[in-house]
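The values are calculated or read from the model by the stated rules, or taken from the named source; none is laboratory data. Quantities reported herein were computed from a predicted structural model and do not represent experimental measurements. For neighbour counting, all protein chains shown are included, and Cβ atoms are generated from backbone atoms with ideal geometry for every residue, glycine included.
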Amino acid sequence: MNQAVFTPWDDPSAKPLIRFKGVTKRFGEFVAIDNLTLDIYEREFFALLGPSGCGKTTMMRMLAGFETATEGSIELSGQDIGPVPPNKRAVNMMFQSYALFPHLTVYDNIAFGLRRGTMPREQIDARVSEMLKLTRLEKFARRKPHQISGGQRQRVALARSLAKAPKLLLLDEPLGALDAKLRQATQFELMDIQEKTGTTFVIVTHDQEEAMTVASRVAVMDEGRVMQVATPERIYEAPNSVYVADFIGDVNILKGTATANGTGSYAVTWDEGQRPVTAISDTVFSEGQACFLAIRPEKIAINAERPTDADNAIQGKILDIAYLGNLSTYHVALPGGQVIKAQAANTRRVSRRSFTWEDTVWISWTATAGVLLDQ
C-alpha cells in the first residue's frame, strides 16, 4: 500500500467509515472499554494491538453486533449501528478457528452465505469462482477442509468472509494457528487481497510484528483505552508514552529529570555520579521535570574506545550477548547497575566476534536517537 497516497486520517474532509463516539462497555463492575473515541477510514487495514484483556476483542464484537455499547455510539457509514442486528450489518467476521463446515467442500463453504440470500445461482457461481481465484484456491475447490493445509483453510475462511462483499471485514487473531514462516507469507497475502478488494479490514492481534507488517494504522490498547493511534512507523519511532514504546519492539528506558539546555534540547540527569545525557525533544519539559528517555537498541552504537564525536557516550561492561543470525544484541551493564541493550548488524560472515562477555565497552547514541517522554 502506498502510504504517501493513502492517508485519509490526515485529510480534514475525509469521512470515516467507522466512528466510535465516547463508547464505554461494562460487564457488571468491570469496564472493558473506557470512553473510547476512534475513527477508522474506508480501505484501511486497521490493527487493534494489545495484551490479553485490553478490550480489543470486545471492540470487534461490538462492531460485529455480538455486544452492545453500555454508553456512546458506533457509526458505520454515518449510521448508528447499535440497533442493527449482526446479520443485517455490512460487516463480516473471520474467526481464529476459521469455523469451516467439515462436511462441505471448499467451494460449498465459500458459497454457503450466498445461498442463504436471494442471489441467483449463476451469480453465486461467478462470485465463488472469483473468490477462489483471489485466494488461489481454484485447484482445491472440490476438496474438504481436512484435505487441505492450515494455510489453505485460512484462505477458505477469508474467501467465505469476502464473498458477500462486506464493507468491513473483522479478523480476530486470523493467523494464530499458523507456523512462523507461513504466518509471514500469509500476512503479505492478506495485504494483497485487502488492496485488491478495497474492503476495510480491522484485525485484532497481540503480535506486534504482525500489526506493524499489515496495518496502515495501529491502535495500541491497554485496559480498555487506546493509548496511541498512528502509522506503524510513527508508533515505533515516536511513541507517546513509555507503555507504547515498551509494547512495540525492544527499547531501553532511562528514567531521569530534564533540564533545558537550549531550544528543544535537554540535559537528562539519569544516575548520580554520571554525566547527564542530551536529548532533543519537541515536547516542552519544565525545569527538573521527571522524564523517560526511550532509545531503541539499533540506535545505540558499541565501541571498544570512547567515540570522539558522539553526543552521548557511557562506559559499561558486557553482561550478555544474544546472537540472532542477522544481528547481535549486547546487554551492557552501566556503573549504576542499569542494563542497556545495543544492537549491531552482522554484515560480514566471520566466525570471531568483535566483543565478548566481560569486555569493557563504550555505548553511544545521538541527541536525536531517543524519544523524551513525560509519562
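Taking the criterion of being at pLDDT below 90 and in a loop (DSSP other than H, G, I, E, B), the residues of the range 166-175 that qualify are Glu173, Pro174, Leu175. Of note, Thr283 satisfies the criterion of being in contact (Cβ under 8 Å) with a residue 60 or more places away in the chain and not assigned by TED's automatic domain parsing to the domain that holds Ala238. For Thr118, the criteria (1) more than 23 Å from Asn87 (Cβ to Cβ); (2) without any contact (Cβ under 8 Å) to a residue 24 or more places away in the chain; (3) part of a loop (DSSP other than H, G, I, E, B); (4) not hydrophobic (A, V, I, L, M, F, W, C) hold in every case but one, which is (1). Entry remark, the range 280-311: residues being part of a strand (DSSP E or B), at pLDDT 95 or above and buried (at least 18 other Cβ atoms within 10 Å of the Cβ) number 5 in total.
In the range 244-257, the residue that is nearest to the chain's Cα centre (by Cα) out of those that are more than 13 Å from Val371 (Cβ to Cβ) and in contact (Cβ under 8 Å) with a residue 40 or more places away in the chain is Phe247. Output the number of residues of the range 139-163 satisfying the condition of being in a loop (DSSP other than H, G, I, E, B) and either crowded, with 16+ Cβ neighbours inside 10 Å or over 31 Å from the mean Cα position of the chain (by Cα) (or both). Count: 5. In the set (1) farther than 30 Å from Asp207 by Cα; (2) small (Gly, Ala, Ser); (3) assigned by TED's automatic domain parsing to the domain that holds Glu29, Ala304 fails one condition alone, (3).
If you go through the range 352-361 one residue at a time, do you hit one that is within 31 Å of the chain's Cα centre (by Cα) and modelled with pLDDT of 90 or more?
Here is the first cut: in the range 352-361, the residues within 31 Å of the chain's Cα centre (by Cα) are none.
Within the range 352-361, none of the residues are within 31 Å of the chain's Cα centre (by Cα) and modelled with pLDDT of 90 or more.
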